[in-house]
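J.: Before I ask anything, let me first share the structure, which is written out below as structure tokens.
The values are calculated or read from the model by the stated rules, or taken from the named source; none is laboratory data. Fair warning: this is a prediction, and the values are worked out from it, not measured in the lab. Positions of Cβ are generated from backbone atoms using ideal geometry, with glycine treated the same way; all protein chains shown enter the neighbour counts.
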Amino acid sequence: MYLGELDLRGVVEIRCGSVVYFGPGSVKRLEGILEYYKKKGIRRVAVVTGRSSYLRSGAWDIIRSIIESLKMEYLHYDGVEPNPTVDHIDEAVARLSPIEPQLVIGIGGGSPLDVSKAVAVLLKYPGENGRRLYSEEFTPLEALPVVAVNLTHGTGSEVDRYAVATIPEERDKSGIGYDCMYPEYSVDDPELTITLDARQTLYTTLDTLNHVIEASTTRIASAYTVMLATETVRLISQYLQKALKDPQDIEARYWLLYASLLGGIAIDCSVVHITHPLEHTISAFKPEVEHGLGLSILLPSVLKVIYPARPKTLATVLAPIIPGLKGDPSETKRVVLSMYEWLGGMGLTQRLSDLGFGENDVPEMVRYLLRSQEGGGSLTLSPVPVTEELISQIYREALYPLK
Ligand SMILES: [Fe+2]
């Protein structure tokens with residue numbers, strides 16, 4: 001196979017909205033990146049991380065020594081939690097402001113990278129705050145430059161312009177997206193992902209899977225995003241089980257990380273539609289629910305709705321997981337059950353009722369979701385009209401095992 005002729009031990013450049021250094025050891029490219037910023041007169045750096053992955057992955061030892069060897073001043077905020085809120089963002093800005101940073105380095109999975117983008121905006125707008133940013137009460141036109149060091153193969157945040165956060169009192173977990181929020185430089189180093197445990201490996205990869213299933217079937221999908229989706233699903237099908245069996249399998253990590261990069265570009269171009277906003281309401285209600293888990297619980301019921309509307313695209317995209325599809329709406333039931341079984345085969349058997357949700361929660365979840373979509377959310381990009389009844393149906397089906 002021709003891919004065998006590529007040198008996968010080298011670092012390659014992938015240019016999209018960001019310049020990505022991709023490959024084993026690419027984290028060391030931080031040195032050249034920071035030297036470039038230093039030449040531009042940048043001396044003061046804000047570092048944004050979660051509590052542990054930046055240490056456990058080994059990224060911080062390398063990055064800190066690079067920052068210190070270049071004699072750059074830095075402040076480090078290490079308090080980003082999964083499913084961050086606008087209050088976390090304001091706290092990070094308050095902690096980092098004293099040195100008047102000129103650059104933000106985010107290190108971690110989706111949450112730290114998204115917070116680093118929001119922080120980069122708010123450090124440029126000292127009178128503003130996270131709540132107003134996520135309520136879209138002001139439109140940022142500029143941000144500090146962001147360097148993203150990605151530590152999971154799910155988010156895509158290192159290559160897209162989005163940042164997700166929750167406004168807790170409104171149970172509104174939403175993404176914002178502005179061109180000024182693209183990381184200028186990103187690092188995707190597969191060696192930094194081998195410390196992901198089995199749960200994180202599975203959930204982050206399934207986040208990628210959902211990115212491409214949605215992006216390839218929105219009303220603004222393109223041949224480009226269908227191509228990205230097709231390759232992404234092929235890679236996930238080939239390498240997810242390998243990474244679960246052997247977390248140190250660097251070849252599997254390489255291709256899952258590459259798949260997540262493609263998925264990030266796909267959602268950057270063609271956005272998402274149903275699964276993501278419905279999941280965001282789940283984790284706005286219960287922030288302890290992992291994003292990839294919530295998405296995967298919803299996925300079979302979303303396929304039931306979208307397969308009849310995009311059968312040819314999905315037959316192509318899903319072929320590595322569900323072979324032999326002809327692209328006919330009559331295959332919908334088979335697609336739904338096959339995806340459900342494929343997920344179950346990897347131990348993903350939880351339903352919303354197992355996470356503490358019940359029938360009584362559904363009307364409230366629907367209400368908050370619809371309110372968060374006021375003014376035009378991604379539900380409008382669905383290939384089928386999304387009604388209140390349809391959302392209720394998907395949530396209700398996701399409560400219990402599918403039959
Ligand atoms: Fe996602």
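J.: Hey, among the residues in segment 172-199 that are hydroxyl-bearing (S, T, Y) and outside any loop (DSSP other than H, G, I, E, B), which one's farthest from F285 (Cα to Cα)?
T.: Here the answer is Y185.
Okay, residues lined up against (1) out of contact with any Gly (no Cβ under 6 Å at 6 or more places or on another chain); (2) more than 17 Å from T313 (Cβ to Cβ):
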{"residue": "D197", "(1), (2)": "yes, yes"}
{"residue": "T201", "(1), (2)": "yes, yes"}
{"residue": "H211", "(1), (2)": "no, no"}
{"residue": "A223", "(1), (2)": "yes, no"}
{"residue": "K245", "(1), (2)": "yes, yes"}
{"residue": "W255", "(1), (2)": "yes, yes"}
{"residue": "A259", "(1), (2)": "yes, yes"}
{"residue": "V271", "(1), (2)": "yes, no"}
{"residue": "E279", "(1), (2)": "no, yes"}
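J.: Looking at G175, G108, which is the one that is farther than 22 Å from I42 by Cβ, within 16 Å of the ligand (Cβ to nearest atom) and either buried (at least 24 other Cβ atoms within 10 Å of the Cβ) or at pLDDT below 95 (or both)?
T.: G175
J.: Take the residues in segment 204-220 that are more than 10 Å from the ligand (Cβ to nearest atom) and of a type outside the set (A, V, I, L, M, F, W, C), then tell me which one is farthest from S382 (Cα to Cα).
T.: Per the stated criteria, the residue is T205.
J.: Another question, if that's okay. Select from segment 376-390 the residues that are loosely packed, with under 13 Cβ neighbours inside 10 Å and more than 23 Å from the chain's Cα centre (by Cα) and list them in ascending order.
T.: P385, T387, E388, E389
J.: Same structure, new question: So which of S296, S338 ends up being of a type outside the set (D, E), buried (at least 20 other Cβ atoms within 10 Å of the Cβ) and within 25 Å of the chain's Cα centre (by Cα)?
T.: From the options S296, S338, the qualifying one is S296.
J.: If you scan segment 322-352, which residues turn out to be in contact with an Asp or Glu (Cβ under 9 Å, 6 or more places away or on another chain) and in a helix (DSSP H, G or I)?
T.: If the condition is that a residue be in contact with an Asp or Glu (Cβ under 9 Å, 6 or more places away or on another chain) and in a helix (DSSP H, G or I), then L352 is the only one that fits.
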